[in-house]
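Asks: First the structure, then my questions, so here it is.
The values are calculated or read from the model by the stated rules, or taken from the named source; none is laboratory data. None of the values given here were measured: they were computed from a predicted structure. Glycine also receives a Cβ, built like all others from the backbone with ideal geometry; neighbour counts cover every protein chain displayed. Remember, those area values only see protein heavy atoms, side chains included, never the ligands or the DNA or RNA. Shrake-Rupley method; radii C 1.70, N 1.55, O 1.52, S 1.80 Å.
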Amino acid sequence: CCGGASVMGITVAVDIGGTHARLALADKSGIKNPQKIECAAFASLAEALKNYSGADRGSVLIATAAQPDGKGVWKFLNGNSWIISPDDLAKAGWDVRILINDFAASACGAGILGGDLLVTLKSGTAAARQPRAILGPGTGLGLAYVVPVSHGGWHVQE
């Protein structure tokens with residue numbers, strides 16, 4: 001979901017947690033120059049984007065542990081003081097192309113993983129398209145799962 005060239009030039013993919021953010025340049029060929037930063041070292045995501053990319057504007061693809069407040073603004077429940085507002089980022093020159101919960105982003109990829117990359121939690125005969133859970137520790141505990149739907153796709157639950 002995060003590939004593709006930006007209409008504004010540079011595209012930065014960002015995975016933001018409560019303590020650290022991981023940034024990388026993204027284009028059709030994949031991601032380049034990944035870096036891990038401490039969120040506390042920057043007052044805002046816009047400042048971190050400018051510092052990382054050297055650009056004042058571009059597109060940004062965001063997977064974040066922050067949660068939406070119902071008004072389009074994403075805030076962290078622990079650790080990170082950044083407030084992620086697509087409108088504020090746009091005013092700073094950044095076009096938010098994707099803004100998604102970080103574990104929902106991971107769950108999007110879980111539907112295409114081969115069986116050799118999965119761990120079975122309950123023994124028995126498994127159907128080819130079983131529900132899949134994604135768990136991970138960090139500043140907090142992340143969780144998402146995907147369940148197969150009748151038309152052949154997957155439903156992601158954050």
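Asks: Whenever you get a sec, compute what percent of the accessible area on the chain sits on carbon and sulfur atoms (1.4 Å probe). If you can, show how the numbers build up before the last one.
Replies: Working: 5140 of 9370 Å².
In the chain, the share of accessible area belonging to carbon and sulfur is 55 percent.
Asks: Which is the longest part of the chain that has none of the trypsin sites (Lys or Arg not before Pro) sitting in a DSSP loop with at most 14 other Cβ atoms within 10 Å?
Replies: Between exposed loop sites, the widest span is 72-121.
Asks: Grab the Cα-Cα distance for ALA133 and LEU121, subtract it from 0.36 nm times how many residues apart they are, and report the gain in nm with one decimal.
Replies: Numbers: separation 12, 0.36 × 12 = 4.32 nm, distance 1.00 nm.
Contour length minus Cα-Cα distance gives 3.3 nm.
Asks: Hey, what number do you get for the chain at 222 nm if only DSSP H runs of n ≥ 4 count, each worth -39500 (n - 2.57), divided across all residues, to the nearest 500? The partial results should precede the final answer.
Replies: On the way: 3 runs with 24 residues, N = 158.
After summing the helix terms and dividing by the residues of the chain, the value is -4000 deg cm²/dmol.
Asks: Which whole-number percentage describes the relative contact order of the chain, with Cα contacts under 8 Å and a sequence gap of 6 or more? Can you show the working numbers first?
Replies: Numbers: 296 pairs, mean separation 29.9, N = 158.
So the answer I get is 19 percent.
Asks: Take the Cα radius of gyration of the chain and divide it by 2.2 N^0.38 Å, with N its residue count; two decimals is plenty. Don't skip to the end; give the middle numbers.
Replies: On the way: Rg = 16.9 Å, N = 158, 2.2 N^0.38 = 15.1 Å.
Against the empirical 2.2 N^0.38 Å value, I get 1.12 for the chain.
Asks: Let me ask something else. Any aspartates and glutamates with Cα under 15 Å of the LYS36 Cα? List them, leaving off those in the same chain fewer than 8 positions away.
Replies: Partners found: ASP15, GLU47.
Asks: How far apart, in nm, are two points set 7 Å out from the Cα along the Cα-to-Cβ line at SER81 and at ASN51?
Replies: Roughly 1.3 nm, to one decimal.
Asks: So what is the accessible area of the chain per residue, in Å², with the probe set to 1.4 Å?
Replies: On the way: 9370 Å² over 158 residues.
Value returned for the chain: 59 Å² of accessible area per residue.
Asks: How do ASP88, ASP116, ASP102 rank by accessible surface area computed with a 1.4 Å probe, from largest to smallest? Write out the running numbers ahead of the final one.
Replies: Details: ASP88 95, ASP116 135, ASP102 30 Å².
So the residues, ranked largest to smallest area, are ASP116, ASP88, ASP102.
Asks: Would you calculate the separation in nanometres between label points at HIS155 and SER29, each defined as 7 Å from the Cα along the Cα-to-beta-carbon direction?
Replies: Going from the HIS155 label point to the SER29 one covers 4.1 nm.
Asks: I would also like to ask the following. Please give me the summed charge of the neighbours of LYS50: other residues whose Cβ is under 12 Å from its Cβ, Lys and Arg +1, Asp and Glu -1.
Replies: Result for the neighbourhood of LYS50: -1.
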